[in-house]
Amino acid sequence: MRSSDNVLKRKQANKMSVGLKLPLAVLTDSYKATHYLQYPPSSKMVAYGEFRSGYARDKADTRLVFHGMRYLVEQYLSRQWTESDVTQADTFFRTHMGPDNSKFPFPRGMFLKFVNENQGYFPVKLECLQEGTCIHPHVPVYQITSEGEYSTLCTFMETLLTMVWYPTTVATLSRRCRDLIEEAFEKTVDLGRESPLLGSRLHDFGFRGCTCVEQSILGGTAHLLNFDGTDTLSAAYYAQFVLNNGVPVASSVPATEHSVMTAWATEKEAIDNMLEHFGAGIFSVVMDSYDYAEALSEVLPSVAAKKVEKGGFMILRPDSGDPLEAVLAALHAAEKVFGADVNQKGYKVPRGCGVIQGDGIGYDSLSKIIDGVVEAGFSLEACAFGMGGGLLQRVNRDTMSFATKLSHIVYKDGSTADLMKAPKSDPSKASLPGILAVRRVDGVPTAFPADAPEMQHVDNLLQVVYDGRPCKDDWEDFTGVRRRVAEEWSALPKTANVISHGLRHKMVQIAHDRRVSAEN
């Protein structure tokens with residue numbers, strides 16, 4: 001790739017920067033600014049990040065889709081700090097003190113030093129998995145290394161980097177939903193998993209439920225790893241022009257909302273207008289502005305002739321009531337008004353009409369609706385789903401229990417220690433010790449000590465993406481990441497032991513040594 005192309009890509013990424021222009025020094029937790037005084041004198045520190053559980057503590061299927069580090073590297077870690085940033089932060093921290101403290105600690109001198117000597121780039125090395133890598137909990141997804149006079153800044157950026165929990169969780173949820181839909185497609189659709197309709201069956205309705213534009217980009221893009229249907233334009237644009245060299249990755253269809261339907265004298269007039277403008281293609285009409293049952297029994301038959309004449313595909317959208325009952329009512333109405341064919345697998349497919357359910361959709365309700373549709377004898381190709389808050393908003397860091405922990409230190413005297421958190425009150429929060437590496441064992445990404453014999457002459461899946469300055473301009477395009485997710489997810493066993501024997505032995509030894517030390 002030409003250097004001019006790299007510069008252009010970086011400029012495109014920077015143009016996507018959204019939100020408040022805050023000094024980088026305050027894009028962390030307050031206590032992080034004090035840790036440089038709390039760590040013991042050292043010449044090197046290493047920390048890593050991991051998910052400690054599968055989605056929603058599911059023990060039967062712990063697979064997850066790692067995604068979102070590119071955004072954090074390009075938007076934040078690769079930004080150059082300025083003397084103005086440091087001055088602003090110093091001014092702020094002078095006022096940010098609790099009772100009986102004269103000044104809140106802030107390493108002003110250390111920050112000014114790398115501003116002047118490192119062109120303002122934050123002085124750490126970051127390694128991470130490739131975007132779209134499918135793993136199990138406890139596999140390190142990134143590793144941070146800081147050295148020399150900057151060693152105590154190792155975990156300063158933890159707050160920002162930890163935010164990779166969000167796109168990873170959304171990507172994982174979306175993929176799990178795709179599993180539900182794929183299974184039903186395989187059972188009820190002639191082409192099964194190979195059907196071109198599959199990618200449009202779960203549509204992102206979540207933009208308006210997001211807390212900010214940035215959330216919509218991160219979560220919306222994560223969903224697009226698995227599906228190509230979205231109304232979250234911010235994500236579709238970002239994925240297309242920043243991540244995929246301008247190649248489209250998402251689409252939508254014209255659709256009414258309640259405001260449109262109620263603006264006309266009757267729902268029939270609103271639908272007639274849609275048919276006039278979009279009747280030859282695919283379009284969606286919300287049907288419950290007044291009386292959903294009446295709209296299906298009276299209004300739909302009244303527009304049937306014009307709809308058939310136009311020749312397009314009409315999608316009925318309920319938006320209230322019991323989700324399963326609403327979907328089945330629409331399917332039965334479509335069958336009654338337009339007729340239905342029975343496909344090769346014995347399931348009914350209404351002619352030129354389907355339904356999209358976008359109200360109350362989450363993983364569990366999606367599963368229930370799919371089961372109900374199949375039980376009623378309909379092919380799932382007649383159904384699509386819109387997922388809003390359940391997709392982009394109803395998740396948090398604890399959904400897959402993400403954490404970053406210090407794992408290795410080289411003290412000033414040259415001695416070293418592999419560090420491990422191991423709380424008796426919650427063993428599930430134990431961390432991994434030492435400098436870490438990841439390799440595949442029988443296709444499964446597995447955590448090893450970096451110096452393990454098994455890591456010799458083997459590629460470490462943790463790749464350097466930032467080394468004291470931006471160093472990666474060849475991020476894989478979005479199409480490639482999508483392909484990786486599809487291939488790795490289906491190939492990965494639903495559960496696996498991902499801590500190598502050598503690493504587990506080290507954990508046992510450290511715990512033993514700590515007990516002996518405490519007893520003495």
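Here, each number is a calculation from the coordinates, and none is a lab measurement. Remember, predicted model here, so these are calculated numbers, not experimental data. Note: ideal-geometry Cβ built from the backbone for every residue, glycine included; neighbour counts use all protein chains shown.
Checking each residue in segment 235-266 for being in a helix (DSSP H, G or I) and in contact with a Phe, Trp or Tyr (Cβ under 7 Å, 6 or more places away or on another chain) picks out only ALA239.
Looking at segment 438-453, which of its residues are closer than 19 Å to ASP418 by Cα and either more than 25 Å from the chain's Cα centre (by Cα) or small (Gly, Ala, Ser) (or both)? Those that are closer than 19 Å to ASP418 by Cα and either more than 25 Å from the chain's Cα centre (by Cα) or small (Gly, Ala, Ser) (or both): ALA447, PHE448, PRO449, ALA450, ASP451, ALA452, PRO453. Taking the criterion of being within 15 Å of the chain's Cα centre (by Cα) and buried (at least 24 other Cβ atoms within 10 Å of the Cβ), the only residue of segment 176-201 that qualifies is CYS177.
Of the strands (runs of 3 or more DSSP E) entirely within segment 412-476, those holding at least 1 residues that are of a type in the set (D, E, K, R) occupy 416-418, 436-441, 463-467. Could you say whether any residue in segment 427-437 is farther than 26 Å from GLU147 by Cβ and aliphatic (A, V, I, L, M)? Checked against the condition, which is being farther than 26 Å from GLU147 by Cβ and aliphatic (A, V, I, L, M), segment 427-437 yields at least one hit.
One residue stands out among those in segment 339-365 that are farther than 20 Å from ASP288 by Cα and among the hydrophobic types (A, V, I, L, M, F, W, C): the one that is nearest to the chain's Cα centre (by Cα), which is VAL349.
Give segment 91-109 a look and list any residue that's touching a residue at least 60 places away in the same chain (Cβ under 8 Å) and in contact with a Phe, Trp or Tyr (Cβ under 7 Å, 6 or more places away or on another chain), or say none. Matches in segment 91-109: PHE93, HIS96, PHE104, PHE106, PRO107. Within segment 283-306, residues that are among the hydrophobic types (A, V, I, L, M, F, W, C) reach partners that are in a strand (DSSP E or B) with beta carbons closer than 6 Å, at six or more positions or on different chains, in the pairs VAL286/ARG317; MET287/LEU316. Restricting segment 499-519 to residues that are outside any loop (DSSP other than H, G, I, E, B) and touching a residue at least 12 places away in the same chain (Cβ under 8 Å), the residue that is farthest from GLU74 (Cα to Cα) is ARG514.
When each of ALA384, ALA447, ALA403 is tested for being on the phi < 0 side of the Ramachandran plot, out of contact with any His (no Cβ under 9 Å at 6 or more places or on another chain) and touching a residue at least 40 places away in the same chain (Cβ under 8 Å), the lone residue that passes is ALA403. Hey, among the residues in segment 180-230 that are free of Cβ contacts under 8 Å to residues at least 40 places away in the same chain and either part of a loop (DSSP other than H, G, I, E, B) or of a type in the set (Gly, Ala, Ser) (or both), which one's nearest to LEU392 (Cα to Cα)? Here the answer is ASP228. Inclusion of PHE156 among residues that are surrounded by 22 or more Cβ atoms within 10 Å (Cβ to Cβ), of a type outside the set (Asp, Glu) and under 30 Å from MET45 (Cα atoms) is warranted. Counting the residues of segment 337-347 that are under 18 Å from LYS306 (Cα atoms) and out of contact with any helix residue (DSSP H, G or I) (no Cβ under 8 Å at 6 or more places or on another chain) gives 1.
If you go through segment 110-135 and pick out every residue that is outside any loop (DSSP other than H, G, I, E, B), in contact (Cβ under 8 Å) with a residue 40 or more places away in the chain and not acidic (Asp, Glu), you end up with 7.
Per the listing ASP319, ASP272, the residue uniquely assigned to a loop (DSSP other than H, G, I, E, B) and either on the phi > 0 side of the Ramachandran plot or not polar (S, T, N, Q) (or both) is ASP319. If only residues of segment 136-149 that are of a type outside the set (Phe, Trp, Tyr) and in a strand (DSSP E or B) are counted, the one that is nearest to ASP85 (Cα to Cα) is SER146.
Only one entry of ALA422, ALA496 meets the criterion of being touching a residue at least 60 places away in the same chain (Cβ under 8 Å), closer than 19 Å to PHE402 by Cα and surrounded by fewer than 16 Cβ atoms within 10 Å (Cβ to Cβ), and that entry is ALA422.
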